[in-house]
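The values are calculated or read from the model by the stated rules, or taken from the named source; none is laboratory data. As the structure is a computational prediction, the values presented were derived from the model and not from experiment. Neighbour counts run over all protein chains shown; Cβ positions are idealised from the backbone, glycine included. What goes into the accessible areas is simple: the full protein's heavy atoms, side chains included, and nothing from ligands, DNA or RNA. Shrake-Rupley method; radii C 1.70, N 1.55, O 1.52, S 1.80 Å.
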Amino acid sequence: MNLSVELAPKHHRGLLLANPVMTASGTFGYGTEYQHLFDIQELGAIVCKGTTLEPREGNPQPRLAETACGLLNSIGLQNIGVKAVIEEKAPIWATWRVPVIVNIAGETIDDYAKVAGALDGVAGISAIEVNIGCPNVKAGGAEFGAYPDAAARVVAAVKARTSLPVLVKLTPNTADIAEVAIAVAKAGADAICLINTLKGMAIDVARRQPLLGNITGGLSGPAIKPVALYMVYEVAGAVDVPVVGCGGITTAADAVEFIMVGASAIQVGTANLTDPSAPSDVLEGIKKFMVKEGIEDIAELIGAARH
Ligand SMILES: Cc1cc2nc3c(=O)[nH]c(=O)nc-3n(C[C@H](O)[C@H](O)[C@H](O)COP(=O)(O)O)c2cc1C
């Protein structure tokens, strides 16, 4: 059975995954934390926590709130910073079979470019995933990814500073996600990943206060799956680069739905927080589905529900 997928066919090095199951940024640490729970080397790729130029403490507590079928988070990109990723994590990743993709974030276009530049040529890093759902501090805090032109500028700046394949992770908090996808593909994205969290909030009625210390947060989990699936369907029909689906994927059946609307690979996120072996179970379930349906190559499934 062939499960392998190429996520950067237009890139000189490419990004070949042994299978389409990846972990979503911010829900799987640096991979190392999960090593003792199952064989993480069997996964298609691991995407690490969002990485910024300097270490970040993140937002005030509370930073997590459960909702009906979902989770609100306002972690605020707490992370160890790019220097520590290069010095402490990459040497471990360099010994792994599974490719590691570093998710990057920034407050300015220059931040993104500097983080991408710092990661270039570091052994153990197979690609960069650019989170364009971050507030553009110089433009009043609107997400870069809300507007096609701002999104494209981030991608062009990152591409200019790296020789690695670049995945661009879209935010659903925009008027027309296909337009943003087209703009970032034109700016050189090797693949597009979607979706990041949907902006939301919750109130603690006893305290008459927002539940989250940051007031608003990002909604993830099964609650957002139909929205994510629709957006992946839209984007896969609008661009000619591979698409990675993410948003509420908990089971192999969820993963197959995303693949059938056109995703070449999928990411498991919030599901890791309740069941750390979810990515492994999703992979096993995809294999079982393929055996049951007599499918020999995952390529037969990609986009199968589009016709
Ligand atoms: C606790 C938490 C932290 C996250 N941190 C990041 C991050 O650092 N960078 C990023 O691009 N996405 C981050 N995300 C978004 C996820 O990678 C994913 O896009 C989103 O949660 C939707 O997928 P899911 O419903 O499977 O979780 C985070 C999500 C959660 C729940």
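Each residue in the stretch 108-117 was checked for being more than 16 Å from the ligand (Cβ to nearest atom) and either under 17 Å from A8 (Cβ atoms) or crowded, with 20+ Cβ neighbours inside 10 Å (or both), and 1 pass. Among residues that are modelled with pLDDT of 95 or more, part of a loop (DSSP other than H, G, I, E, B), of a type in the set (K, R) and closer than 26 Å to M1 by Cα, R306 is included. Here are the criteria: (1) touching a residue at least 60 places away in the same chain (Cβ under 8 Å); (2) near the ligand (Cβ under 9 Å from one of its atoms). Tell me which single one C48 does not satisfy. Only one criterion in (1) touching a residue at least 60 places away in the same chain (Cβ under 8 Å); (2) near the ligand (Cβ under 9 Å from one of its atoms) is unmet by C48, namely (1).
Of the listed requirements (1) open to solvent by 10 Å² or more (accessible area, probe 1.4 Å); (2) touching a helix residue (DSSP H, G or I) at 6+ places or on another chain (Cβ under 9 Å), P210 misses just one: (2).
Screening the stretch 118-146 for residues that are among the polar types (S, T, N, Q) and within 16 Å of the chain's Cα centre (by Cα) and picking the one that is nearest to the ligand (Cβ to nearest atom) gives N131. Across the stretch 200-234, the qualifying residues are those that are within 19 Å of N103 (Cβ to Cβ) and of a type outside the set (A, V, I, L, M, F, W, C), and the one among them that is farthest from the ligand (Cβ to nearest atom) is G217. When you go through N214, N196 one by one, which is the residue that is over 19 Å from I302 (Cα atoms) and out of contact with any strand residue (DSSP E or B) (no Cβ under 9 Å at 6 or more places or on another chain)? Going through N214, N196 in turn, the sole match is N214.
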